[in-house]
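Where a number appears in this text, it was derived from the coordinates with a stated rule and is not lab data. The model shown is predicted, which means the values in this text are computed figures rather than measured ones. No Cβ is skipped: glycine too gets one built from the backbone with ideal geometry, and neighbour counts run over all protein chains shown.
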Amino acid sequence: MAFKALNDPSKIGLILKNAAYTYGPLLCWVLDKNQRALFGDWQLGLELLVLNGALTFAGLWVLSRPAARVSPPRVPM
C-alpha cells in the first residue's frame, strides 16, 4: 500500500529534491533561488543530485592523498 501511495511522480520528485538538499544544502539553496538568473528558462530539478554527487566526488578526489607505499616484509634467509 505504501508503494501505491508513493506512486505519484510529483511525490517521488519531491522526495528526491529534498534528498538533494541534504547533499550540499547551501549549494542547492543558492542554485534553486538563482536558477532563473543563472540558467534562464531551464529549471534544475533532479539534476541537483547529480551535481552534488559530482562536486562531492571532485572534492574528495582533490583532498585525497595517494596511499603510502609499503615495501614487502623481508624474509630472513
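Considering amide H positions built from the backbone, and no H for Pro or chain starts, which residues 5 or more places from residue 46, or on another chain, come under 5 Å of its amide H?
none
What is the sum of charges, Lys and Arg at +1 and Asp and Glu at -1, for the other residues whose Cβ falls under 13 Å from the Cβ of residue 46? Walk me through the numbers before you get to the answer.
Values: positive: 17; negative: 32, 47.
Taking every Cβ under 13 Å from that of residue 46, the sum is -1.
Roughly how many nanometres apart are two label points built 7 Å out from the Cα toward the Cβ at residue 41 and residue 64?
With each label point 7 Å from Cα toward Cβ, the separation is 4.1 nm.
Extension gain residue 10-residue 75, at 0.36 nm per residue separation less the Cα-Cα distance, in nm?
Details: separation 65, 0.36 × 65 = 23.40 nm, distance 6.44 nm.
Gain in length upon complete extension: 17.0 nm.
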